[in-house]
1. Condition check: hydrophobic (A, V, I, L, M, F, W, C) and either surrounded by fewer than 16 Cβ atoms within 10 Å (Cβ to Cβ) or without any contact (Cβ under 8 Å) to a residue 60 or more places away in the chain (or both). Does ALA170 satisfy that?
2. If only one of ALA273, ALA290 is in a loop (DSSP other than H, G, I, E, B), at pLDDT below 90 and over 15 Å from the mean Cα position of the chain (by Cα), which one is it?
3. I'm checking my understanding of the structure. Among residues of the range 335-350 that are farther than 18 Å from GLU184 by Cβ and hydroxyl-bearing (Ser, Thr, Tyr), which one is surrounded by the most Cβ atoms within 10 Å (Cβ to Cβ)?
4. Sort through GLY236, GLY220, GLY232 and tell me the only one that's out of contact with any Pro (no Cβ under 8 Å at 6 or more places or on another chain) and at pLDDT below 95.
5. Tell me the helices (runs of 4 or more DSSP H) entirely within the range 1-78 that contain at least 2 residues that are surrounded by 14 or more Cβ atoms within 10 Å (Cβ to Cβ) and modelled with pLDDT of 80 or more.
6. For the range 349-394, which positions are modelled with pLDDT under 90, part of a loop (DSSP other than H, G, I, E, B) and more than 24 Å from VAL257 (Cβ to Cβ)?
7. Within the range 334-367, count every residue that is among the hydrophobic types (A, V, I, L, M, F, W, C), in contact (Cβ under 8 Å) with a residue 60 or more places away in the chain and within 21 Å of GLY308 (Cβ to Cβ).
Amino acid sequence: MSLQRQISAPQDRQPFPTARPAPQLKRVLFLSANMGTGHSAAAENILKALQVLHPGVQGRVVNSFQQAHGVIGRVVEESYLQMLKHMPTMYARMYEPARRPWSGIRQWVNETFTPAFLPLLESWQPDVIVCTHAFAAGICDVLKVKYGLNRPVLGVITDYVVHPFWLSPAIDMFTLPTTELAAELCRYGVAADRLRVTGIPIDPCFGQATDRSELRAELGLSESDPVLLVMGGGLGMEPVGHILDTLKNVRRPLDVVVLTGKNERLQQRFQQALAQQPPGPVRFHIYGYADNVHEFMQVSDLLVTKPGGLTSAEALAAGLPMLLVKAIPGQEARNAGYLISHKVALDSSRHRHLRDAVDEALGAGRMLQRMKQRARAIGAPEASADIASVLDMVFACSRPERVLQRVPKLAPVDEESFPLSV
């Protein structure tokens, strides 16, 4: 069967048929990672959609690196974040060679840390395993080959690029953001019937229609002036003073909303720097963690952000054009390439100053309108629900009673050591 018949592009996606009631589907294990927030958020979005489809389903979102080894897991995560922040060039040199499929060190790492997952699997007995990070795919490979894992595994790609580390025979089915990635996996030898193009799993609220004027009034923003949304948190965001000094000189009245996420220190630095700025035509609104990010996206005209997978997918669903800054070499740089080539994002590095890039973008009203239309056309606000339906499809695979066919005798496990998520 041809690739085109197996998958469909986001703009002409057909919704997956709702599976027949499957009360036997009780437990789903999500193997994620805290490399940023996107992988875990993707897992939680899928779980929420699945619980709408099957209200009795339980799910656990597990940090794979922490599960593999608490101390080493924390060291790996912290080293990753520090490398992105302080040594991005080194990360790029490691990322690109690692795109070539190879086995040595990777196989050793997978086999060394897989035993730490056995107590969790034996104790909780999941019906399906969902991987939202490539490290977990390698763990599942060892689980199937060495320990006889007898549960279907779904791989969920959360960037607009796929790393060859995902190429594990343990993955029974992949969900992908785009047909381009599906074609790439086919070139790697993955069968087309193992691929489903769904989009990146986000909360569907990002695609909801809203009354912009009414919502702007509720958020304390101008009804007529442009609204610029700045996101990025603490992972490589430009120095606070530089952002304020740059944007305060934008040559037009403007509302600038800055979301710093859970980085309270960054929020305080913004507020302290802002207190020293004289009043001007640019009005700043500084927020920390916000549970209404979708509302800010829906009322904004332009998003200044790093091209993370989930943030980009949320912006597309909201029809929000992007101005990309400081893409991390590797997956973010490739995300940026996809977004720019599809004309839904602009590259700020073409300008010497961020101010000039913002001025040019906001001054091109027709261009922004076309970008908004293209963003909505390729956005996938229902991706989480579609992936939940794919999970139903994966679960239709036969399953024996035990999760593991070959497993050493394990010590008793305290159920409370694996708390429920969501």
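1. Values: hydrophobic (A, V, I, L, M, F, W, C): yes; either surrounded by fewer than 16 Cβ atoms within 10 Å (Cβ to Cβ) or without any contact (Cβ under 8 Å) to a residue 60 or more places away in the chain (or both): yes.
Spelling it out, ALA170 is indeed hydrophobic (A, V, I, L, M, F, W, C) and either surrounded by fewer than 16 Cβ atoms within 10 Å (Cβ to Cβ) or without any contact (Cβ under 8 Å) to a residue 60 or more places away in the chain (or both).
2. ALA290
3. Ranking the candidates gives SER348 first.
4. Details: GLY236 fails: out of contact with any Pro (no Cβ under 8 Å at 6 or more places or on another chain); GLY220 fails: at pLDDT below 95.
Residue meeting the stated conditions: GLY232.
5. On the way: elements: 3-6, 38-53, 64-68.
Once the helices (runs of 4 or more DSSP H) in the range 1-78 are filtered for at least 2 residues that are surrounded by 14 or more Cβ atoms within 10 Å (Cβ to Cβ) and modelled with pLDDT of 80 or more, what remains is 38-53, 64-68.
6. Selection gives ARG352 alone.
7. The number of residues fulfilling the criteria is 3.
The values are calculated or read from the model by the stated rules, or taken from the named source; none is laboratory data. The structure displayed is predicted, hence computed values, not measured ones. Positions of Cβ are backbone-derived with ideal geometry, glycine not excepted, and every protein chain shown enters the neighbour counts.
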